[in-house]
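Trainee: So that we are looking at the same thing, I have put the structure below in structure tokens.
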Amino acid sequence: MALILGLETSCDETAVALVDSGRRILAERILSQIKEHKAFGGVVPEIAARAHLDHLDRLIGETMEEAGLSYGDLSAVAATAGPGLIGGVIVGVTTAKAIALAHDLPFIGVNHLEGHALTARLTDDVAFPYLLLLVSGGHCQLLAVEGVGKYRRLGTTIDDAVGEAFDKTAKLLGLGFPGGPAVEQAALAGNASRFALPRPMLGRKGCDFSLAGLKTAVRLAAEKLGEASAQDIGDLCASFQAAIGDVLVDRCRNALEVFSQTHSGPVRLVVAGGVAANKYLRQRLHDLAQNEGASLIAPPPRLCTDNAAMIAWAGIERLRLGQCDALDLAPRPRWPLDPAATAKIGRAGLGAGVKV
Ligand code: KG4
Ligand code: ZN
């Protein structure tokens, strides 16, 4: 039985987890830095890095203590080595390397996106291959997951990520940060057909996304409203969420078709990343999968948003294949899952795991 300590520090959660190869999370800690960043309306990289530094050692100690384990019990130490905010990534990687060196353990530098991509194997023991919709603050991709380290990108966003669109909508409507959960909450009491918002790319061939036009339409609708009432805000959030749902369903339908042409056997659609915590979108994707003869696997919401259990688990998958890293591994602010895919993202910052 392998046992791995995983560290996640690539954005604004300082997270630590102990996971074993029997798919058990033995202990974990997640410290959100939301309070530190709230006043700025987004994650401030320098503040994030300092906060990781302030708390990581203590959280590791607490996690080990809760599990009643010592470093000698570990099989390896894994940390997110990118993509993400580089200051935070350096804190996690350096800490993991120090533990590995001091206790003579293998070190594994994990791609944060691979952590999201493999979570469904930790939670639901999903077999390869599967179709993955990865939707977070900085990423919006459809990938064929064929094995550990084997990803083929079928589509990506040509402008904004879905989580980013949620965060910007929330900011515009004064719902605060982070935006996703706030928009989902406000949408519960809203009328989704009040605002006729665009559904970019709907009906087009392929699996790419574009959300900039929808974001602009939300801004124009909000400006037209002027002083918005709670009902106005709920209606706009519900209309926005419904548009996102239509876009995701349309793009995933195309991707399911491409995927089943190239892979035999049962078709599994896995959704991962922070946006996958959204109950409305999970339901929409569930319905799509059912209509298309596929099955939807969505990890529990707390394992969709950033956490260290997914990093420890990706470490276990890599360790099983003997894929450990040398202690001079360099953290990577950018690190695509499918390096062969053409870079379609034109704007600096996108794709780096940043949240706003
Ligand atoms: O995966 P994650 O925790 O961090 C990144 O790697 O980006 O994703 C964070 C993103 C944020 O944009 C946040 O607003 C969004 O996921 N999010 C949601 C929900 N919970 C988090 N979006 C929609 N509905 C939610 N319930
Ligand atoms: Zn993430």
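The values are calculated or read from the model by the stated rules, or taken from the named source; none is laboratory data. No experiment lies behind these values; they were computed from the predicted model shown. Cβ sites come from the backbone with ideal geometry, for glycine too, and all protein chains shown count toward neighbours. When the accessible area is computed, the model is the full protein with side chains, heavy atoms only, and any ligands, DNA or RNA have been set aside. Shrake-Rupley method; radii C 1.70, N 1.55, O 1.52, S 1.80 Å.
Trainee: Using beta carbons and a limit of 8 Å, which pairs, at least six apart or on different chains, have the first residue in segment 111-123 and closer than 17 Å to PRO339 by Cα and open to solvent by 10 Å² or more (accessible area, probe 1.4 Å) and the second one β-branched (Val, Ile, Thr) and within 13 Å of ligand 2 (Cβ to nearest atom)?
Mentor: Once the first residue is closer than 17 Å to PRO339 by Cα and open to solvent by 10 Å² or more (accessible area, probe 1.4 Å) and sits in segment 111-123, its partners that are β-branched (Val, Ile, Thr) and within 13 Å of ligand 2 (Cβ to nearest atom) give HIS112/THR80; HIS112/ILE311.
Trainee: Could you count how many residues in segment 100-109 are open to solvent by 20 Å² or more (accessible area, probe 1.4 Å) and aliphatic (A, V, I, L, M)?
Mentor: Number satisfying all stated conditions: 3.
Trainee: To continue, here is another question. Quick one: in segment 14-54, which of the residues that are of a type in the set (Asp, Glu) and modelled with pLDDT under 95 is nearest to ILE86 (Cα to Cα)?
Mentor: Across segment 14-54, the extreme among qualifying residues is GLU46.
Trainee: For GLY293, indicate whether it is at positive phi and of a type outside the set (Val, Ile, Thr).
Mentor: yes
Trainee: Condition test on THR94, is it open to solvent by less than 50 Å² (accessible area, probe 1.4 Å) and hydroxyl-bearing (Ser, Thr, Tyr)?
Mentor: Considered against the rule, which asks whether it is open to solvent by less than 50 Å² (accessible area, probe 1.4 Å) and hydroxyl-bearing (Ser, Thr, Tyr), THR94 comes out as no.
Trainee: Let me ask something else about it. Determine whether segment 292-301 contains at least one residue that is under 13 Å from GLY273 (Cα atoms), away from ligand 1 (no atom under 15 Å from the Cβ) and open to solvent by less than 60 Å² (accessible area, probe 1.4 Å).
Mentor: Yes - at least one qualifying residue is present in segment 292-301.
Trainee: Oh, and also: Residues LEU142, LEU132: which one is buried (at least 24 other Cβ atoms within 10 Å of the Cβ) and either within 16 Å of ligand 2 (Cβ to nearest atom) or not assigned by TED's automatic domain parsing to the domain that holds SER264 (or both)?
Mentor: LEU132
Trainee: Still on this structure: Could you check ALA98 against (1) free of Cβ contacts under 8 Å to residues at least 24 places away in the same chain; (2) assigned by TED's automatic domain parsing to the domain that holds GLU13; (3) of a type outside the set (Val, Ile, Thr); (4) within 16 Å of ligand 2 (Cβ to nearest atom) and say which number it fails?
Mentor: Only one criterion is unmet by ALA98, namely (4).
Per-residue answers, yes or no, for (1) at pLDDT 95 or above; (2) closer than 19 Å to GLY155 by Cα; (3) buried (at least 17 other Cβ atoms within 10 Å of the Cβ):
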residue: LEU220; (1), (2), (3): yes, no, no
residue: CYS237; (1), (2), (3): yes, no, yes
residue: GLY245; (1), (2), (3): yes, yes, yes
residue: VAL249; (1), (2), (3): yes, yes, yes
residue: ALA255; (1), (2), (3): yes, yes, yes
residue: GLN261; (1), (2), (3): yes, yes, no
residue: VAL267; (1), (2), (3): yes, yes, yes
residue: ALA272; (1), (2), (3): yes, yes, yes
residue: GLN283; (1), (2), (3): yes, no, no
